[in-house]
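Here the structure is laid out as C-alpha cells; the discussion comes afterwards.
The values are calculated or read from the model by the stated rules, or taken from the named source; none is laboratory data. What you see is a predicted model; the values in this text were computed from it and never measured. In this analysis, Cβ positions are derived from the backbone assuming ideal geometry, glycine residues included, and neighbour counts consider all displayed protein chains. Note: accessible area is taken over every heavy atom of the protein model, side chains too, but ligands, DNA and RNA are not part of it. Shrake-Rupley method; radii C 1.70, N 1.55, O 1.52, S 1.80 Å.
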Amino acid sequence: MTGRQVAVVGAGPAGLAAARAALGAGAEVTLIDAARQLGGQYHRTPPEEYAASRPEALQHGWPAFAKLRRELLGHPRCAWWPETSVWALERRDPGQQGPPRVHLLRGPADGSHRVRQILEPDALVLACGAHDRVLPFPGWELPGVFTAGAAQTLAKGERLMVGEQVVVAGSGPFLLPVAASLVEAGSRVLAVLEANPAAVLARGWSRKPWQLAAQLGKAGELIDFTGQLVRGRVPFRTGRTVIEARGAGRVEEVVTARLRPDWSVVRGSERTLAVDAVCVSHGFSPQLELPVAAGCALRGTPGAQFVQTDARQRTTADGVWAAGEITGIAGAPAARAEGAVAGWYAGGGSPAARALPALRRSRDQGRDFAARLARAHPIGAAWPGWLGPRTLVCRCEETDYATLCRAVQEQPGAAARTAKLATRAGLGPCQARVCGPTVTELAARLRGAAPDAVPADGLPAAGPHHRPFAQPIRLGELARPPEPPDAAPEHHGA
Amino acid sequence: MTARLIPAACDATGRREQPLRITVNGEPLDGIAGQSIAGVLLAAGRPSWRTGPSGAQRGLFCGIGACFDCLVTINGDRDVRACLRRAHDGDTVHTQRRDGAHHSGDQDASTVPRDSDSPDGSVL
Ligand SMILES: Cc1cc2nc3c(=O)[nH]c(=O)nc-3n(C[C@H](O)[C@H](O)[C@H](O)COP(=O)(O)OP(=O)(O)OC[C@H]3O[C@@H](n4cnc5c(N)ncnc54)[C@H](O)[C@@H]3O)c2cc1C
Ligand code: FES
C-alpha cells in the first residue's frame, strides 16, 4: 500500500488500465467517468436495462474487458464514480505542489440536481479520449448526417441502426468497424469511401511491417472487419468521398466524387446516391480542455496538438499524468499500454518494477502505430475545394464559408478573437469543439499563410482548447456548496 | 425509412425490453428502458427536434456530447444533451430552437450560449 490517492478521469481503455496499474502499485483509486458504464468509446456496451445475455457478441476482447471490469468493480481500494463529470480543474496556488483540485458534478447528464464534489488527489491521471473530427461539406448540418462515432455508439450502445441505406465516408481505419457495426445492425452500407488513394494507404501501412505486427490485436481486428464487410458485399473505395449532402429537412442523397491525392475534387466524377444516413469521420480531435486547465504543455503543430508526456506518461503539470487518445491517436491497445504506465507511476509504483519494460515497449509500439496511422490517413490540403460560399463552417452559429472569408479579408491582421466575434464562429453551445480546428485552419489560409504552414498531415492550425467550464454547469448547482467527498450522489429520476 | 431499433428478437446481444413512455411537446412517444432521449426520438422516426439559428432542422450529430446539436428541455431543465441523457418513464421533453439571439457577456471565456427559449441563467 502506498496510500496515495489517485483520481483517474475517463474509464476508456486508457483509464481502466491506469486504474488497474495504480491499484497494483498500492494506491487508492477513484475512477471517474461522465458515462454510466465503464469502457469508454471502445468498450461501448448495451445499457444494463437491456439485460443483454450476450453482450460479448459485439465486442472485441470481451473476456479481457469483462475480467478487468470485475476486478476494478470488486476492488476494495477502487471507487467507481459513474455519471460524474469533471467540470473544472483548479490549479494550486503558485509555489504549492501537487495536482489541481478536481471539481465534479455527480448525477444524470446536464441535470439540475447534481451533487457537487471536490477531490484533492495526490495524483491525477487524465484519460479523457477524443471525439470524431469531421470536415465541413455542403449539407453536413442536415439531420441524418452523423459522425461515424455516433453511428458506432448508437449501434453498440443502444442497438439503434441510424439508417437503411448508408454511406460511410472520410478517412482512417475507424471507418471499417463502423461499417461492420452498421451491417450487423441491419443497414445496407452502399459504400465505404476512404478519401486517401490506395497508394498513400499502402505507403503508410506497409512501411516497416514489423511495427504492425506489434499491434497485431489491432490488425487482426481490422482483418476481421474487412471479412465481415466482404461477406456483406460492401464496396470499399479509395480516393473518393462525400462532397455534398442534400435533402429537404433531412438527408436524402449524397454526392460523391473522386479525389486526387491532395483531396482536390476531380470534376466530372460526381455520382449521386440515395441514402437516409451518412456517417463521416476524418480523424479524431483529442479532448484537451482538462489537460489545458491542468496546465499541461501540448506538443505537435498547432491544431494537431496532443498532451506532451515523458517516458513515464507524466505531463509537465505537477502530479498530472496523461494516457490514451489525448496523447496521440493510436487506438485502444496503445491507449491501454499508456494507461498502465501512467497508472503505475501515478500510484507511486517503483521504476524498477519487472513488468515495466514490457509495458513501455508496447506503449512505444503504440506510438509507432500512431505515426503510421497519420502517414496512411492524412487530410489532403486541398479539401476546402469542396466548400461552397453557403457551406456552414460553424454548425452552432451557422457561420458560412463566405462570411468567414469576408471577415478575414476585411480584417486581415485582426486577432483570431476579433474574427471570431465578427463571424460568431466558435461562440455557440459547443464552444468550438467541432469547428475550432477547421475555422482556425481556414482563417490561416485565407490570411495567406503559406500552405506549408498547415501541418503536413493537413490537420488544422491551433484551436483554442481553453474552456474554463470543461462541461456545462447550472447556476443553481454552482451556487450550492460542494458536498463532502464521500457523499453519495442523489439519483434523480433514476 | 429511417433509423430504427434492432428488433429484440433478432438482436445478437439477446436483450430484453422494458417499455417506457415519454412525452415530446405533449405528444406521447414509446421507447424502452436504457435508451437515451435521442435514441427514443430517432427510433420513433424523428430524425430532428431542434432548429438552428436559421430555423433549419437539427438532430443528433456526434452522439457523445461534443457538438450540442441535440439540446432539449427535459422535465423543465433546459439545454440537456439528448444523446447523453437516459430516458425515464414519464419524462417530459420539450424541443428547443436557437434563433440567433445573442446575449451579452464574455461568452468566449465562460458561457455555453443558450438557445433562445432558455430562461435566464439556466446554464453557464
Ligand atoms: C464515438 C467514438 C466511438 C469509437 N468507437 C471505436 C470502436 O468501436 N473501435 C475502435 O477501435 N475505436 C473506437 N473509437 C476510437 C477510440 O477513441 C479508441 O479506440 C479508444 O476508445 C481510446 O481510448 P481512451 O481511453 O483514450 O478514450 P475513450 O475510450 O474515449 O475514453 C474517454 C472517457 O473519458 C470520459 N470523459 C472525458 N471527459 C470527461 C470529463 N470532463 N468528465 C468525466 N469523464 C470524461 C468519457 O466519457 C470517456 O468515457 C471511437 C471513438 C469515438 C469518439
Ligand atoms: S449529438 Fe452531439 S452533443 Fe448530442
Taking the Cα centre of segment A:308-436 as origin, sum charge times position over the Cβ atoms of Lys and Arg (+1) and Asp and Glu (-1), and report the length of that vector in debye to the nearest 20. 300 debye
Which value in nm describes the separation of the simple spin-label points at A:Arg361 and A:Ala297, placed 7 Å from the Cα toward the beta carbon? 3.0 nm
If you count, for each residue, the other Cβ atoms within 10 Å and average over each peptide, how do B:71-77, B:15-21, A:172-178 line up from highest to lowest? A:172-178, B:71-77, B:15-21
Residue-normalised 222 nm signal for the protein assembly as shown, counting each DSSP H run of n ≥ 4 as -39,500 (n - 2.57), nearest 500 deg cm²/dmol, is -8000 deg cm²/dmol
Sequence of A:Arg354, A:Arg367 from largest to smallest accessible area, 1.4 Å probe: A:Arg354, A:Arg367
Interchain or sequence-distant (5+) residues whose placed amide H lies within less than 5 Å of the amide H of A:Gln165 are A:Arg188, A:Asp276, A:Ala277
So for the pair B:Gln18, B:His94, with labels modelled 7 Å out along Cα→Cβ, what separation do we get in nm? 2.9 nm
Could you sort the peptides B:62-69, A:292-299, B:81-88 by per-residue average Cβ neighbour count (10 Å cutoff), highest mean leading? B:62-69, B:81-88, A:292-299
Averaged over A:108-119, how many beta carbons belonging to a partner chain fall within 10 Å of each residue's beta carbon? 4
Putting +1 on Lys and Arg Cβ atoms and -1 on Asp and Glu Cβ atoms, find which of A:Gly10, A:Cys394, A:Gly347 reaches farthest to the positive end of the dipole of the protein assembly as shown. A:Gly347
Taking Cα pairs under 8 Å and at least six residues apart, what relative contact order does segment A:134-279 come out at, in percent? 31 percent
Could you state the per residue volume, in Å³, of the convex hull enclosing the Cα atoms of the protein assembly as shown? 145 Å³
The farthest towards the positive end of the charge dipole of segment A:134-279, of the residues A:Thr238, A:Gly186, A:Val134, given +1 on Cβ of Lys and Arg and -1 on Cβ of Asp and Glu, is A:Thr238
Total formal charge among the other residues, if their Cβ is under 10 angstrom from that of A:Pro100, Lys/Arg +1 and Asp/Glu -1: 0
Give me the net charge for the shell around A:Gly268: Cβ to Cβ below 14 angstrom, other residues only, Lys and Arg +1, Asp and Glu -1. +4
Per residue of A:429-441, how many C-beta atoms from partner chains lie within 10 Å of its own C-beta, taken as a mean? 3
Find the relative contact order for chain A and round it to a whole percent, using C-alpha pairs within less than 8 Å whose residues are 6+ positions apart. 20 percent
List the Cys residues of chain A that have no partner Cys with a C-beta closer than 4.7 Å. A:Cys78, A:Cys128, A:Cys279, A:Cys296, A:Cys396, A:Cys405, A:Cys430
Stretchable slack from A:Arg70 to A:Ala311, in nm (0.36 nm times residue separation minus alpha-carbon distance): 83.8 nm
With every protein chain kept in place and a 1.4 Å probe, the residues A:Arg116, A:Arg92, A:Arg246, A:Arg231 fall, from largest accessible area down, as A:Arg231, A:Arg246, A:Arg92, A:Arg116
Partner shielding of A:329-340, taken as the mean number of other chain Cβ atoms within 10 Å, equals 0
Amide H neighbours of B:Leu71 at under 5 Å, excluding residues fewer than 5 places away on the same chain, with H built from the backbone geometry, are B:Ala82
Long-range amide H contacts for B:Ala33: which residues qualify at under 5 Å (H placed 1.01 Å from N, peptide plane, sequence gap of 5 or more or a different chain)? B:Gln18, B:Leu20
Given C-alpha coordinates of segment B:18-97, what is the ratio Rg to Rh with the Kirkwood estimate of Rh? 0.93
The protein assembly as shown, dipole about Cα centre (Lys/Arg Cβ +1, Asp/Glu Cβ -1), debye to the nearest 20: 1620 debye
